[in-house]
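> After the structure tokens below, expect a handful of questions from me.
The values are calculated or read from the model by the stated rules, or taken from the named source; none is laboratory data. Computed from a predicted structure; not experimentally measured. Please note: Cβ atoms are built from the backbone with ideal geometry, for glycine as well, and neighbour counts cover all protein chains shown.
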Amino acid sequence: MFELIGIGKSALQVNKKQLEIIGNNIANVNTPGYSRQRAVQDQATSIRDALGSIGQGTVINRIERMRDERLDDQYWKKQTDVGYWEAKSQNLQELEAQLQEPSDNGLTELFNKFWNSWDNLSNNPDGPSGDVMRISLIQNTKNLTSRLNEVANSVIDKRKEINNRISSDVDKLNSLFSDLSTLNIRIEESKANGQDCGSLLDQYDKKLDELTKYGNTKLITRNDGIRIIYFGSDEVVKGAEYRKLEALTDSYSESGFNRSKVVWSDNLKEVNNLKNGKLKALESLRDTDMKSYKDYLDTIANTLVSKINELHSSGYDLQDPPGTGHNFFDEKTTGAQDIKIDSILEANPEFISASKTGETGDNQVALEISQLRNGSSIGDDSFQEYYAKFLNQIGSDSDNAQNQEKIQNATSNQIDTFRENVKGVSIDEETANLIAYQQAYQAAAKIIATANQIMDVIMQMV
């Protein structure tokens, strides 16, 4: 009888534990990062007596987290691609919005008004009409140069912002490295004390989900249980140990822009074989894309200054006698961020030259400048065509980034769906298991009750 009671007792204990695990799964059905748990149940070791082998009930060998390492690895690899294109798409869309194209305040429209002003001046070089045309030209030039300044500064500011984001991401990465090493310690302590560490492992995997967006990451678990994380191809977390990154000011400087270079604190070397990821995207945006856009704008501004100043300084103004040698744009211009009309001309519209000879009615200089609108001023392109290339480059880069972001997110979400099928909690499945183990628990209680009844009968017979 005592064996029967022992079998019933083991069944009660095991089914009670199963119910607890199912209850915990249901409680965490909406908990982000939770991995459902399952008890691995086996029969207890049998014993032999005079009548043969007798079972001793059931036991729980271990509690498993339902994870698929292969799917986790696929998801982490894809998250690196997602992080790269998300960073690219977000920053390029923000910059694209600042261009305000097409609109009345866009450079395309302001260029048109600028060239139209030169056309109007060539048609009315002298007299009161010429004065009006000069005043209009000054205003349209100020609108154009002011907008060029704004667009160039938008690119410069975006570049600085990206550089600052890199520095803040380094702080975030160091925090993740530290958290992962701390979790390694807690996991090993829990194992040594015989405690369940499922929740700690879930936290660990959530941190890895986050880390993989910044760069290609690999997790290796050694035979002795030590977890090693590689960022790029560099070992960054090993058990309780971890390394730190640092954003150092590089020697590179341009237009007041000082670049931060990401290196390991312990040897000041860059991360080896860092591919894709948010950090790589930000570096690419800062060092390649934004620099290219700024170069486009500077080429437009500097060419505009050199070509128009050359023609304008050769012409004659409306002074009596006519003067010559005036620059139209400030000759101290270094690029699109500081291009402006010459201050003397801005204060004295009569200094604007339209004539080649100084004679009344001569419009040759104004005409030659107006013809720059459609001429091959920058290589084989006119100013408008070259600016259109600039817009097309940003638009193409932004569209590509947005499309890639959608593609990578779709693939990542599909893999995550497969992961959820393994680790996620199904209410229907858990409810069915709940009923099954509840009935098993009740049946185990009946085994013990039956054993007690038999014992009572035996005792009454004594």
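> Within region 404-425, which residues are polar (S, T, N, Q) and loosely packed, with under 15 Cβ neighbours inside 10 Å?
Of everything in region 404-425, those that are polar (S, T, N, Q) and loosely packed, with under 15 Cβ neighbours inside 10 Å turn out to be N413, Q414, T417, N421.
> Does G395 satisfy the condition of being part of a loop (DSSP other than H, G, I, E, B) and not polar (S, T, N, Q)?
Criteria not met by G395.
> Shifting gears a bit: Helices (runs of 4 or more DSSP H) wholly in region 271-386 with at least 3 residues that are among the basic types (K, R) - which ones?
In region 271-386, the matching helices (runs of 4 or more DSSP H) lie at 290-312.
> What number of residues within region 124-139 satisfy the criterion of being modelled with pLDDT of 95 or more, surrounded by fewer than 21 Cβ atoms within 10 Å (Cβ to Cβ) and not β-branched (V, I, T)?
Count: 2.
> Is there a residue in region 151-162 that is closer than 23 Å to T212 by Cβ and part of a helix (DSSP H, G or I)?
Let us first name the residues in region 151-162 that are closer than 23 Å to T212 by Cβ, namely 162.
Adding the requirement that they be part of a helix (DSSP H, G or I) leaves 162.
Taking every residue of region 151-162 in turn, at least one turns out to be closer than 23 Å to T212 by Cβ and part of a helix (DSSP H, G or I).
> For the subset of region 21-49 comprising residues that are loosely packed, with under 14 Cβ neighbours inside 10 Å and closer than 18 Å to S426 by Cβ, which member is nearest to the chain's Cα centre (by Cα)? Spell out how you get there, then give the answer.
First, the residues of region 21-49 that are loosely packed, with under 14 Cβ neighbours inside 10 Å: 23, 27, 29-32, 40, 42-43, 45-49.
After this cut, where a residue has to be closer than 18 Å to S426 by Cβ as well, the list is 23, 27, 29-32.
Values: G23: 37, A27: 33, V29: 29, N30: 26, T31: 24, P32: 21 Å.
Residue satisfying both the conditions and the ranking: P32.
> Within region 219-234, can you find the residues that are among the basic types (K, R) and without any contact (Cβ under 8 Å) to a residue 24 or more places away in the chain?
Selection gives R222 alone.
> Could you list all residues from region 400-425 that are among the hydroxyl-bearing types (S, T, Y) and within 16 Å of the chain's Cα centre (by Cα)?
S412
> Tally time: how many residues in region 236-264 are closer than 20 Å to K172 by Cβ, modelled with pLDDT under 95 and not in a strand (DSSP E or B)?
0
> I need the full set of residues from region 178-219 which are under 27 Å from L282 (Cβ atoms) and either in a strand (DSSP E or B) or over 30 Å from the mean Cα position of the chain (by Cα) (or both), in order please.
T217, K218, L219
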